[in-house]
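The values are calculated or read from the model by the stated rules, or taken from the named source; none is laboratory data. These numbers were taken from a predicted model, which means no experiment stands behind them. Heads up, the Cβs are rebuilt from the backbone with ideal geometry, glycines too, and the neighbour counts pull from every protein chain shown.
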Amino acid sequence: MLRSKNGDNVSAKNDAKILSFSQRFGTISRISFAENMDKPKSLTLSQIFLHLFTGLGSGLVGSIVLGILLLLSWGIIGSTIAPSTGVPEDLGLSTGAEPAHPLFLFFVMLGVFLSVLAASITHVLLMTVVDDHFQHRATILNHAFFGNLVLLLFFVPVYLAVAARWGSDSAGMAGLFHAVIAALFSFSILEILNNRKYLLVNLYGVILGLVLFSIAAILLSRNTALLAFLSLPLLIGLLSAGNAIVRSVYGWMYQTYGTDLLNSDARFGEDYGTSEASEE
């Protein structure tokens, strides 16, 4: 009986050791798998174009919302919603410029807010479907909605200042600035909540996207109406494409040379090892 008990004790200890080893091994394997998932990867050309067309489609949804709102406002209030220049009479004299409708500035602010919000929501929904790099859809949608609402409150004084300084017909400049900032905010939220380690990669991607958007805006500047309609699709599409291009280039550099320079935890020179020492 003593031998049986001792044998049972020994076997129980062995089982506990095996279980502990398996648990530790499973934890290590899960950690290593997660680390491998976080490593930068190079994107294919088709994936880059997929990001581009996803952004273009999302921005197009926002432009359609803006167009529908302007058409509805025109039908409700009339053609006097926007300021007009002098209208010549039959004798060749001008009746003078007609002032903008008091609600003109309100419809500009509401149109930009709803269009950017629709584009942001569509972009988040599509990106979480086409790219497994992006997760936490519900959280991102909540941040996108409340963030765009706060940005609208921040930009109300900007709209009023622009209208007071250059007139209500110049509210489009404030609207474009509002759209750019709101798109950058929603795009950054998408990256911050999914991959904090490589926010520097996202920063370079945003810069490249803004450069591409600036070039496209300059080329389309002769046609103001076309630029106004395509500004939001081009902005979100080129931001997505710029981010995908930078991710692809950096993923190739990491796989080729093995250096992770843009990792947020990387330290260089005198700073090397300071984060580990401070944590201890």
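crowded, with 17+ Cβ neighbours inside 10 Å, out of contact with any His (no Cβ under 8 Å at 6 or more places or on another chain) and farther than 28 Å from His136 by Cβ: does that describe Gly175?
Values: crowded, with 17+ Cβ neighbours inside 10 Å: yes; out of contact with any His (no Cβ under 8 Å at 6 or more places or on another chain): yes; farther than 28 Å from His136 by Cβ: yes.
The answer is yes for Gly175.
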Point to revise | Residue under evaluation Met127, criteria (1) touching a Ser or Thr at 6+ places or on another chain (Cβ under 7 Å); (2) of a type in the set (A, V, I, L, M); (3) surrounded by fewer than 20 Cβ atoms within 10 Å (Cβ to Cβ), criterion not met | key: (3)
Check your understanding: So is Ile215 crowded, with 24+ Cβ neighbours inside 10 Å and either outside any loop (DSSP other than H, G, I, E, B) or at pLDDT 90 or above (or both) or not?
Key -> no
Check your understanding: Regarding Val206, is this residue surrounded by fewer than 16 Cβ atoms within 10 Å (Cβ to Cβ) and either assigned to a helix (DSSP H, G or I) or modelled with pLDDT of 90 or more (or both)?
Key -> no
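Among the residues of segment 131-165, write down those that are over 18 Å from Leu117 (Cβ atoms) and either part of a helix (DSSP H, G or I) or not hydrophobic (A, V, I, L, M, F, W, C) (or both).
Looking only at segment 131-165, we keep the residues that are over 18 Å from Leu117 (Cβ atoms), and these are 131-136, 157, 160-165.
Hits for segment 131-165 are Asp131, Asp132, His133, Gln135, His136, Pro157, Leu160, Ala161, Val162, Ala163, Ala164, Arg165.
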Practice item. Output yes when any residue across segment 166-175 is within 30 Å of Thr128 (Cβ to Cβ), at pLDDT below 90 and either within 12 Å of the chain's Cα centre (by Cα) or assigned to a loop (DSSP other than H, G, I, E, B) (or both), and no when none is. Key: no
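Restricting attention to segment 186-203, and to residues there that are in a helix (DSSP H, G or I) and surrounded by fewer than 18 Cβ atoms within 10 Å (Cβ to Cβ), which single residue is modelled with the lowest pLDDT? Steps first, answer last, please.
Here is the first cut: in segment 186-203, the residues in a helix (DSSP H, G or I) are 186-192, 196-203.
Cutting the leftovers down to surrounded by fewer than 18 Cβ atoms within 10 Å (Cβ to Cβ) gives us 188, 192, 196-197, 199-200, 203.
Working: Ser188: 87, Ile192: 86, Arg196: 79, Lys197: 82, Leu199: 86, Leu200: 88, Leu203: 90.
For segment 186-203, the residue satisfying everything is Arg196.
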**Study point:** Subset of segment 218-242 [among the small types (Gly, Ala, Ser) and part of a helix (DSSP H, G or I)]
**Key:** Ala225, Ala228, Ser231, Gly237, Ser240, Ala241, Gly242
Check your understanding: Is it the case that Leu151 is at pLDDT 90 or above and in contact with a Leu (Cβ under 7 Å, 6 or more places away or on another chain)?
Key -> no
Review point. How about segment 124-144: which of its residues are touching a residue at least 24 places away in the same chain (Cβ under 8 Å) and farther than 15 Å from Leu193 by Cα?
Key: Leu126, Val130
